[in-house]
Amino acid sequence: MSLPADTPPAVADALGYLQHHLQELTERQNASEHVINNTLAGLTAQIQQLTQLMTGPAPAPTVTPPPVTMSPPPVNPPSPVLSTPTKQRMRPKLPSPPDFSGERTSGRAFLNFCTLYLRLAPEQFSCDEEKIFWTLAFFKDGRAARWSENLFRQEADTGIFPIQSWADFEQQFRSQFFPVNAEADAVNALEGSAYYQGNRTVDNYLDSFLTLVSDARYTDP
């Protein structure tokens, strides 16, 4: 802005100052407007983002999972009660019968020994055949060995062992190895005049007497 030439210097200085100050104010206003415009633009952008979030597509519906049925825990079957094993009764240790040679005087004692063993240890024998073969194992010599050999020879010839039951074996054993006329001899001894104690002890005499009574098959004294 030009001033007249006759403008006093003081007025000119004042006007210059005012112009300069006005220019600073204008620049400040422009700067403030620029800041305000930037701020408004930032706020507008944030408002638009919020509006989009608020007016956006509806969220997908939440799918509620079906209720989970809890199965009861498995019930273990009760453990079986183990029965206490029954303590087996210990049987007495039995000696084996002596070897038998076939003497008739010892036949009865041998058969009694074998019968006693079979009764006390029945679990060792599953059938009569085993009982018979076990007994024949002690027929080592003499008439007994020859009789046993003859039985096995018959089995080799026919394919069948000739004695099938223990009762039959006992019967044939008595006929082969018991005294032949034991009953008649006992009766003759008891009823004859030659039977007396002699030099035997009372115990021996009594034992002999009872044996004769048994052989004679006496039932009344």
For this session: Mind giving me the nanometre distance, one decimal, between the label points for residue 35 and residue 145, set 7 Å out from Cα along Cα→Cβ?
Result: 14.3 nm
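Estimate the FRET efficiency between residue 127 and residue 171 by the formula 1/(1 + (r/R0)^6), using the beta-carbon distance for r and 22 Å for R0, to the nearest 0.05. It would help to have the intermediate numbers written out before the result.
On the way: r = 18 Å, r/R0 = 0.82.
Once the sixth-power term is evaluated, E becomes 0.75.
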For this session: Mind giving me the nanometre distance, one decimal, between the label points for residue 51 and residue 94, set 7 Å out from Cα along Cα→Cβ?
Result: 11.7 nm
Seminar exercise, completed: Checked segment 99-180 against the a/c 1.5 cut and the a/b vs b/c comparison, axes a ≥ b ≥ c from its Cα gyration tensor; verdict oblate
For this session: Report, by chain and number, residues whose modeled amide H sits under 5 Å from the one on residue 139, excluding near sequence neighbours (fewer than 5 apart, same chain).
Result: 100
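Since every read-out is calculated from the coordinates, none of them should be taken as a lab result. All figures in this text were calculated on a predicted structure; none of them were measured in a lab. For neighbour counting, all protein chains shown are included, and Cβ atoms are generated from backbone atoms with ideal geometry for every residue, glycine included.
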